[in-house]
Amino acid sequence: MSTAVVDARPQTAPARLALVGNPNTGKTTLFNELCGLRARTSNYPGTTTAVRVGHMPASDRHGSVEVVDLPGLYDLQGSTPEALVAANALNPAGRLRADVVLVVVDASNLARNLIIVGEVLAQSRPVVVALNMMDVARSRGIGVDVERLSQRLGCPVVPVVARRGEGIDALRHAMREAATANRVAPADLPPAPASLEALATWGAAVADACSSAPPDLTATDRLTERLDRFLTHPISGVATFIAIMCALFWTLFTLAAVPMDLIEALFGSLSEALSAVIPAGPVQDLVTQGIIGGLSGTVVFLPQICLLFFLISLLEDTGYLARAAFVMDGALSRFGLPGQSFVPLLTAHACALPGIMSARLIPNERDRLATILIAPFMSCSARLPVYVLLTSLLFAGQPALAGVAFAACYLLGAIAGLFTAWLFGRTALKGRPQPLILELPSYRTPSVKNALLAAKDQGMAFLRTAGTVIMAICIVMWWLSAYPRPDVPDAGTATVAAAAADTGAVDTKAAQASSYAGQFGKLAQPLFEPLGFDWQLTVGVVTSFLAREVFVSTMAVLEGGAGDTEVDEGVVSRIRAMTRDDGTPLFTPATAATALVFFVLAMQCLPTLAVTRKETGSGKYAVIQLAYMSSLAYVLAFLVNRGLALAGVA
Amino acid sequence: MTLLLQDLVVTIVAAFAAGTVLRRVVQLFLPKRQKPQPLRFIRPSH
């Protein structure tokens, strides 16, 4: 029946092209070459499996071809979400049904790659084989007889070097031809459903007949082996790993500082310019404090996100990340995590959103879930302003101690995350640990184009997910702390300037206390009374459950300032001077330490919860994350508060 | 613009922002309905 479908194709270009192949065969690089900047990444409907979809021009008459980059697989017989999505794309009745299948094959590792080729060929649909990494094969002394391979497989085989864009035109041509041509499965192909052993035997026979392997290890092989011995060694491997990570963080914070300062300066200038244009009053406050403040508070993190993914993509392309995962596997496995968790957990130190999204790299579902659940424990960039504020309040005039407390926050978050992984591994996620099976790909020169595309993809995803929500929260918080407006004499007819002057005369603190935010804080305050928080801190803590960086601006708004999101000495001094209703200081050392512990551990980020739900495919895990992290934060913050009280610290 | 009118404008904007936040909160617990992907063309059946 499916053969009839193929034969019935009109003389037209294919509508949908699916890319399949083993991991590390340069599939995504080839996809980028075919689609350029027109690609987007989305989850396959109803699953958490990432599928990249792009378009490439077919011909003038037929518009564009949809190209689907399926997850990397060694064969189609697994039951992982990735295998099911690929199977769906190859199924004539599937939702992602492909009209032409492009199998990307590593020319330097032909026999193993032919297993999935055999499975696809058995599907009786147009197939083209892209023989990628021809340059690597040549450098290793491996020769491939392309003509003969094409005859054995019964489908077009096109040699390409995707990284350099070689052979792409020939590949496009072959795909157009294949879409309308009849194809007969190889006579010697084991009949479907074939076992992996039978397919492997067939693949080895075809590879033997069509390629010539070098008699001995080449210079490249020997260099790879030597590098691997060094980079995966228990001592030199770990030392190199630490050095590379330090360099990565240093680059991240140093290079990102320049565009971050620029963004802040741009928004500052914009705010000043708008203040000059818009007359003083509520509209000006809304624009400068709510909208501009919200936008700058989000966009300022964009350079870090883009740069991090750019650097990680470069590292991944070189083949080093697989070695890093191998090195980290020993340490992380003690806590029930695989080595691959390392990248998402590292990324989560910039922002939990891309950290959770990069957990897609982890093939095992249980390991992926454990990583997603603990990723928000890692201290993200959004916590930085809060840490700066609270450590400065805790150790006023003692920068060295403040620095130690700052580092301790990072350590506490990481320890809490690893403890949680250990705990969940023995309870909720028990019984499904998977050993690390990892292919160490060949070392390659990284592709800057791939890295730029990864940075663009993640940057856009960050702006879409976080931008709208954080800005909206800032606007709502500004409104809640500004209304109901204190009575102004003859407000209905007064000019804005006069009204603003009158408003300024009203006691700011009383106005804040009677605002909606103040009323809410007083209502919720009994819940945080055991932690020593008054209504103002309660408002700050509760609103930061939507996005934790809102805490600093909320406290500044409640203090009566301009809703600063940037922590400078002025903001710290003003917040330090805040008082409770009884006139005592709001931030005692005990209160600051308690709040610090709470902020390190609490799940205070709405976009993170949304991404957790999206990536796990279930709201259940978002609720577990929120409840577990916040309960742990509350209990530990309470213990710190009581402990300090017993120790006589006020 | 009178203060009252300004109050009205900023309140409408804040309500819109609150709606955005609420919608995101609701999305956390109510999964989005999956739209079936439309096929690009129908092949002739034999």
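The values are calculated or read from the model by the stated rules, or taken from the named source; none is laboratory data. Here the structure is a predicted model, which means the values were calculated and not measured. For neighbour counting, all protein chains shown are included, and Cβ atoms are generated from backbone atoms with ideal geometry for every residue, glycine included.
The table that follows gives values for the structure above.
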| read-out | value |
| --- | --- |
| Residue match in the stretch B:3-16 (condition: more than 7 Å from chain A (Cβ to nearest Cβ) and either at pLDDT below 75 or closer than 18 Å to A:Arg613 by Cα (or both)) | no |
| Residue count for the stretch A:325-342, restricted to those that are modelled with pLDDT under 80 and either polar (S, T, N, Q) or more than 16 Å from A:Thr240 (Cβ to Cβ) (or both) | 1 |
| Top-ranked residue of the stretch A:173-195 - restricted to ones that are of a type outside the set (A, V, I, L, M) and more than 23 Å from A:Ala209 (Cβ to Cβ), ranked as modelled with the highest pLDDT | A:His173 |
| Residue within the stretch A:279-296 that is within 14 Å of chain B (Cβ to nearest Cβ), under 20 Å from A:Gln458 (Cβ atoms) and either surrounded by 20 or more Cβ atoms within 10 Å (Cβ to Cβ) or out of contact with any Asp or Glu (no Cβ under 7 Å at 6 or more places or on another chain) (or both) present | yes |
| Matching residues, the stretch A:228-239, being touching a residue at least 12 places away in the same chain (Cβ under 8 Å) and part of a helix (DSSP H, G or I) | A:Asp228, A:Leu231, A:Gly237, A:Val238 |
| All strands (runs of 3 or more DSSP E) inside the stretch A:13-102 with 1 or more residues being at pLDDT 75 or above and either β-branched (Val, Ile, Thr) or touching a Lys or Arg at 6+ places or on another chain (Cβ under 8 Å) (or both) | A:16-21, A:50-59, A:63-69 |
| Those residues of the stretch A:209-230 which are surrounded by 13 or more Cβ atoms within 10 Å (Cβ to Cβ) and closer than 21 Å to A:Arg152 by Cβ, in sequence order | A:Cys210, A:Ser211, A:Ala213 |
| Any pair with Cβ under 6 angstrom, 6 or more apart, that starts in the stretch A:362-389 at a residue that is over 17 Å from A:Lys430 (Cβ atoms) and ends at one that is part of a loop (DSSP other than H, G, I, E, B) and at pLDDT 85 or above | A:Ala375/A:Ala348; A:Pro376/A:Met603; A:Met378/A:Ala348 |
| The stretch A:459-490, subset modelled with pLDDT of 75 or more and under 19 Å from the mean Cα position of the chain (by Cα), residue nearest to the other protein chains (Cβ to nearest Cβ) | A:Leu463 |
| Residue in the stretch A:311-325 that is part of a helix (DSSP H, G or I), over 22 Å from A:Ala451 (Cβ atoms) and not β-branched (Val, Ile, Thr) present | no |
| A:Leu606 vs. criteria among the aliphatic types (A, V, I, L, M) and touching an Asp or Glu at 6+ places or on another chain (Cβ under 7 Å) | no |
| Qualifying residue in the stretch A:491-509 (condition: modelled with pLDDT under 80, closer than 20 Å to B:Ala17 by Cβ and surrounded by fewer than 20 Cβ atoms within 10 Å (Cβ to Cβ)) | no |
| Condition met for A:Ser631 (surrounded by fewer than 18 Cβ atoms within 10 Å (Cβ to Cβ), under 33 Å from the mean Cα position of the chain (by Cα), polar (S, T, N, Q) and modelled with pLDDT of 85 or more) | yes |
| Boolean, A:Phe551 is assigned to a loop (DSSP other than H, G, I, E, B) and modelled with pLDDT under 85 | no |
| Residues being without any contact (Cβ under 8 Å) to a residue 60 or more places away in the chain and closer than 11 Å to A:Val327 by Cβ - total across the stretch A:241-252 | 1 |
